[in-house]
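Below is one structure, written out as structure tokens; comments come after it.
The values are calculated or read from the model by the stated rules, or taken from the named source; none is laboratory data. What you see is a predicted model; the values in this text were computed from it and never measured. No Cβ is skipped: glycine too gets one built from the backbone with ideal geometry, and neighbour counts run over all protein chains shown. Accessible surface is based on the protein model in full, side chains and every heavy atom, while ligands, DNA and RNA are left aside. Shrake-Rupley method; radii C 1.70, N 1.55, O 1.52, S 1.80 Å.
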Amino acid sequence: AAMVQKYQSPVRVYKHPFELIMAAYERRFPTCPLIPMFVASDTVSEYKSEDGAIHVIERRCKLDIDAPRLLKKIAGVDYVYFVQKNSLNRRERTLHIEAYNETFSNRVIINEHCSYTVHPDNEDWTCFEQSASLDIKSFFGFESTVEKIAMKQYTSNIKKGKEIIEYYLKQLEEEGITFVPRWTPPVACKSESSTSHPRRPVSPAINIPESATKEGLSNKEILNTSSSPSEPTAGTPDDKLDADYIKRYLGDLTPMQESCLIRLRQWLQETHKGKIPKDEHILRFLRARDFNIDKAREILCQSLTWRKQHQVDYILDTWNPPQVLQDYYAGGWHHHDKDGRPLYVLRLGQMDTKGLVRALGEEALLRYVLSINEEGLRRCEENTKVFGRPISSWTCLVDLEGLNMRHLWRPGVKALLRIIEVVEANYPETLGRLLILRAPRVFPVLWTLVSPFIDDNTRKKFLIYAGNDYQGPGGLLDYIDKEIIPDFLGGECMCEVPEGGLVPKSLYRTAEELENEDIKLWTETIYQSASVFKGAPHEVLIQIVDASSVITWDFDVCKGDIVFNIFHSKRAPQPPKKDSLGAHSITSPGGNNVQLIDKVWQLGRDYSMVESPLICKEGESVQGSHVTRWPGFYILQWKFHSMPACATTNLPRVDDVLASLQVSSHKCKVMYYTEVIGSEDFRGSMTSLESSHSGFSQLSAATTSSSQSHSSSMISR
């Protein structure tokens, strides 16, 4: 079966009133010289309401698709027919367009929906949006060719759509038409009818443009004075992305790339309420997977879970690097390169990596590198504002002067590889350029060890200079302004980066000390992880003494779909026996799995359900609370959710079908945290729960805190 291709446009804002845009749009029919493939159109049916507010017209359009002659011959057609139904509502000032193919409708299903509406913040502007889907059932064995042709034609038409409206607006202007009055209800003849039906008041705004045109000012000029030209308008309906914003803050994207960003963002809004990463960060993950939306979604969700698990959002504000790092880590931020990217300088050759690893352990080093990356994200955002164009990556200058065999110390290289791996997975597409200077003779050895771990896309951005080559043509000056070349590279700019040097042996820690420390740092997280198998749920026991307590939970579904339940029981469940050959509990590094509810217990007799079951999909983040009514034992349960035959997800996933064939799909993973709060403490606010534990993204907009009722489950949907 072929995959369904979907497209969703950003919002395009025309700084013209709806009526003028409609006048321009009407000029496309019956044929339009700007769309050569649009050969002809005939009106099939038409309806007009008595007051002239509603106008529905259905046309049959004849298209000459640009396809290979052979394909047309096999298909036996020269032209393709589409039916387009336009519904104009002059009262509401909306135009809805629905189109579908009539030719080959049993083999290929194309649906398109477009709308022109009034901008929510400015009634003299018009918004345009379009979405479409393409589903190729079969096409004489040429399915993929047809898909490519359709996609190509479609994306070129999207680009044309805007030009066409602008072309006709210009034509109207040349003919002296810069204003089209709004629709007003016809004045009724019989006075009694008008009193019995109170009419909608006509918006007085209609007078402004009229008086303005008398003064010889065009509509356009009035509008432009009101909006500052430098920044695109922030007001986009329902937090949708608009085309101007994308261009200004995110860069030049193709229509399909915009569509992927919008759809992935929509999916995140539905599943991670209030916790979604910033647009430029979502875009990095899409770029890292060549805009394959399923693959990008997978790595982004893993990264969001990782951020939460290791409280990465709070690193910059709460973590103070140990003094050893501040003294001996020879790296730091230093102005920006010629493209406006933040510049990070690392004097790797001067740095005692072995000493740092021995004095700190891998974990502190990794955490330090993460804080540098977090700072990099912050600086990119800052520079995007300052330079007036999208800047989403930084430049790294690595000086290898002084590199020696000590740098090839195996544990040091291992630590480096692990750090590279974590950074690659969670900060994709952030390295804009890597300049490696003064590479010595041992460098190729180090390079062969490290390069296999670096993504191909990233590797293309490396420039390596041996000796003093960086001072010659094609060197550093091509990338960095003369004024900010650091002093240690022969420049005139004082560089604040620490000089590095050997870490005194007195600061080294024993392997045992480091071992204990490492474990603390890396697994010190308030979340626990659990595995859930088909037929083996994971259960957690909570004993309540004070009748009105509040049980709170916060969990992430890392893999698979699960059902979450909460039960109450008067008697204590038997603790699971560890020796029963893993029948009860399967402990694995992937997380624990415990069953508490005895097989002989009956629901309704031995224990009861106190909240209705909640189905949670992969990638979802759930927070909730339950106010207890009775003392006793409460059991939280995460259970495997078997997929019904037809699951309607927003994005069709062939993977789901494949996954159900694999054994691994019978295992789900959950990361959870639970806490019992006295009801008086709880009533104070929900914020205690949110602020202290839900360590999600400051990459994201602020979490909206909702004060919760008696018993509720807040699921990000």
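Leaving ligands and nucleic acids out of the surface, order 335, 641, 96 by accessible area at 1.4 Å, largest first.
Details: 335 105, 641 30, 96 70 Å².
Largest to smallest exposure gives the sequence 335, 96, 641.
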Legend entry - Positive-pole candidate from 355, 344, 404, dipole of the range 278-427, charges at beta carbon: 404
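Hey, if we sort 69, 27, 378 by accessible area with the 1.4 Å probe, largest down, what's the order? Before the final figure, lay out the partial values.
On the way: 69 205, 27 70, 378 120 Å².
Largest accessible area first, the list is 69, 378, 27.
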Inset, instruction - Pick out, from 306, 286, 253, the residue whose Cα sits farthest towards the positive end of the charge dipole of the range 243-310, with +1 on the Cβ of Lys and Arg and -1 on the Cβ of Asp and Glu. - result: 306
Inset, instruction - Please give every one of the lysines within straight-line cross-link reach of residue 338, meaning a C-alpha to C-alpha distance under 29 Å, and leave out same-chain neighbours fewer than 8 residues apart. - result: 247, 278, 385, 460, 461, 482
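Relative to the compact-globule scaling 2.2 N^0.38 Å, provide the ratio for the alpha-carbon radius of gyration of the range 243-310. Before the final figure, lay out each step's value.
Numbers: Rg = 11.8 Å, N = 68, 2.2 N^0.38 = 10.9 Å.
It is 1.08.
Considering all alpha-carbon pairs of the range 316-505, what whole percent are spaced by more than 31 angstrom?
Numbers: 2074 of 17955 pairs.
Looking at the range 316-505, the distances longer than 31 Å represent 12 percent of pairs.
Under the √(5λ) rule applied to the eigenvalues of the Cα gyration tensor, what semi-axes describe the equivalent ellipsoid of the range 6-160? Give them in Å, descending. Present the calculation step by step, with values, prior to reporting the outcome.
Working: eigenvalues 188, 60, 37 Å².
In descending order the semi-axes read 31, 17, 14 Å.
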Legend entry - Candidate lysines for bridging to residue 667, where Cα separation is under 17 Å - those fewer than 8 sequence places away on the same chain excluded: 534, 559, 617, 639
Legend entry - Dipole magnitude of the range 46-168, debye to nearest 20 (Cβ charges: Lys/Arg +1, Asp/Glu -1, about Cα centre): 660 debye
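Go through the range 140-193 and name the GluC sites (Glu not before Pro) that are in a DSSP coil and have 14 or fewer other Cβ atoms within 10 Å of their Cβ.
Details: sites: 143, 147, 163, 166, 173, 174, 175, 192; in loops: 175.
Qualifying residues, ordered by number: 175.
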Legend entry - Over the range 243-310, relative contact order from alpha-carbon pairs under 8 Å, at least 6 apart, %: 25 percent
Inset, instruction - Could you work out how far the C-alpha centroid of the range 315-336 sits from that of the range 256-303, in angstrom? - result: 30 Å
Legend entry - Mean-position separation - Cα centroids, the range 449-470 and the range 116-194, in angstrom: 48 Å
